[in-house]
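Some notes on the structure that comes next.
The values are calculated or read from the model by the stated rules, or taken from the named source; none is laboratory data. The shown structure was predicted, so the numbers you read here are calculated from the model rather than taken from an experiment. Cβ placement follows ideal geometry from the backbone for every residue including glycine, while neighbour counts extend to all protein chains displayed.
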Amino acid sequence: MNQLSRPVFIGKLSYPNRMVEEKKQKAKRKNSFPHTRAIQRDRQKRPNAAPPDEVTEQWLEEAIHPAALSQVAYFQQLGLRARTLTLPVMVAFVVSMIWRQLGSVREAVRVLREEGMLWIEPLEAVSPQAMLERFNTLPAKLFYNVMQEIMPRMQQKAAERKRPLPPAVAYARVHFACIWSVDGSVLDTLLKKTGLLQEAAKPVLAGKITTVVDIVTQVPAHIWYKENPQAHDQTFWELIFEVSVAGTLLLLDKGYIDYAIFDRLTDKDVGFVTRTKTNTSYKVIRVLHKTEDVQDLLIQLGSKQKRCQHKMRLVKVRFRGRWYCYLTNVVDTEKLPAECVVALYDQRWCVEDAFNVVKRLLGLAYFYCGSVNAIQLQVWTTWLLYAMLVDLTDSVAEALHKPFKVISMEMVFRGLYHFAQARHRGQASDPIEYFVRKAKSLSLIKQKRRKKYLSLVEQMNLTIPIPA
């Protein structure tokens, strides 16, 4: 071996091997917050977006302005003074800032001074300092109430639409009052820390939200926020249990597994579907159905030390040599066949899609202010706008006679720009009609995924019963 190419031994590793180990260590120490920082840089540097088209503004105003006015009495009950930045002004400001993805509160104030926002005329006497103070002190409960007033309307409109539903959802809808997907998500880092958080050496997360999304309407039914980002999913169980009425079916991930809660849900006639953990202990009581690739079992869940008092069902399906196990407390196979159990769990992913839209598309990965109150103002307003975007996307799906899932919410949101341009050219007057006509060129219909990216249910091609 040439002496120059001979590895130099340092300790137990040769020099080339040490370089390999160092690269592995660097690969492990990835930045935990690259997505947030990328959004922060992008938001601050991008130019201001044009104001919404008159039709879009009218659509937002008709839905949101009455709800904001209905909270004025509560605003006065709280003893808050009537000043320039009233509740309707603040609602218009925050809605516009998030919808247009403006770079900062300071820049949004400039827009308010020069253009006005939605139903608010230009206000020249507003300073960034006054607006930031309002973000920190205006009770977030007011914005929460505005959101809570609008959500049921969106639910009702969606329930009245006639569009294709996934077969498993159509079947379960007949047997359950509502079908909810539940999950939690940690909010991103606060890059602008205020108060005592300024002394924190490490990045500070903005908190945690848990959201309940109605599978039929795709509209959020309930949203909860906790300041502690480390709060476990289990800490939200009492809130979930409180709003779950008899006849509800919950779609849960494995983080919500709790035998005592499962018994309480069964006593309340609330069903659930979830996946089992790898170390789940159970005893088979009876085999309800068994084929080469599907097993439907009635089981006693748990061990002698810790077990469920009620009997459960374990549905197992084999795909490519691997068994996938699903757990439910709905023991009536007519009410929930094994194939529906598997297919409904696949629908649980809609809540993950909702988190993706509110964080990446509507910007809930970037926080304008660092106080808990300001964070909540942004959280409630962002979810409100998400519900509005669901309503618009659902209208497009109905007009195209397509399932909601195949319509891209992102491209509908971006398509409003093209509608505004077409309207100004005199080529369009109604956004739904325009989206139907331009569905292909605007890429509103999602492309079919390649086979390797299909879900388990799509690849197995399970036969779902037709609802009676």
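Pairs, please: C-beta under 9 Å, at least 6 apart or cross-chain, first residue at positive phi and in region 316-337, second surrounded by fewer than 22 Cβ atoms within 10 Å (Cβ to Cβ) and not β-branched (Val, Ile, Thr)?
As it stands, the answer is Arg320/Gln459, since those pairs meet every condition given.
In region 220-233, which residues are surrounded by 14 or more Cβ atoms within 10 Å (Cβ to Cβ), touching a Lys or Arg at 6+ places or on another chain (Cβ under 9 Å) and in contact (Cβ under 8 Å) with a residue 60 or more places away in the chain?
Residue satisfying the conditions is Tyr225 alone.
Determine whether Arg83 is surrounded by fewer than 16 Cβ atoms within 10 Å (Cβ to Cβ), free of Cβ contacts under 8 Å to residues at least 40 places away in the same chain and either aromatic (Phe, Trp, Tyr) or not in a loop (DSSP other than H, G, I, E, B) (or both).
No, not satisfied.
Residues of region 361-413 being free of Cβ contacts under 8 Å to residues at least 40 places away in the same chain and under 14 Å from the mean Cα position of the chain (by Cα), which ones?
Hit for region 361-413 is Leu389, nothing else.
Take Val315 and decide whether it is assigned by TED's automatic domain parsing to the domain that holds Asp214, in contact with a strand residue (DSSP E or B) (Cβ under 6 Å, 6 or more places away or on another chain) and of a type outside the set (Phe, Trp, Tyr).
yes
Could you tell me how many of the residues in region 276-289 are in a loop (DSSP other than H, G, I, E, B) and closer than 20 Å to Thr333 by Cα?
Residues in region 276-289 being in a loop (DSSP other than H, G, I, E, B) and closer than 20 Å to Thr333 by Cα: 1 in total.
Would it be correct to say that Leu112 is surrounded by 14 or more Cβ atoms within 10 Å (Cβ to Cβ) and in contact with a Ser or Thr (Cβ under 7 Å, 6 or more places away or on another chain)?
no
With the requirement that a residue be surrounded by 13 or more Cβ atoms within 10 Å (Cβ to Cβ), among the β-branched types (Val, Ile, Thr) and outside any helix (DSSP H, G or I), what does region 234-248 give you?
Within region 234-248, just Thr248 meets the criteria.
What about Glu410, is it in contact with a strand residue (DSSP E or B) (Cβ under 9 Å, 6 or more places away or on another chain), acidic (Asp, Glu), surrounded by fewer than 19 Cβ atoms within 10 Å (Cβ to Cβ) and closer than 23 Å to Gln155 by Cβ?
no
If the requirement is being among the aliphatic types (A, V, I, L, M), in contact with a Cys (Cβ under 7 Å, 6 or more places away or on another chain) and more than 18 Å from Val390 (Cα to Cα), which of these qualifies: Ala177, Ala140, Ala172?
Matching residue, one of Ala177, Ala140, Ala172: Ala172.
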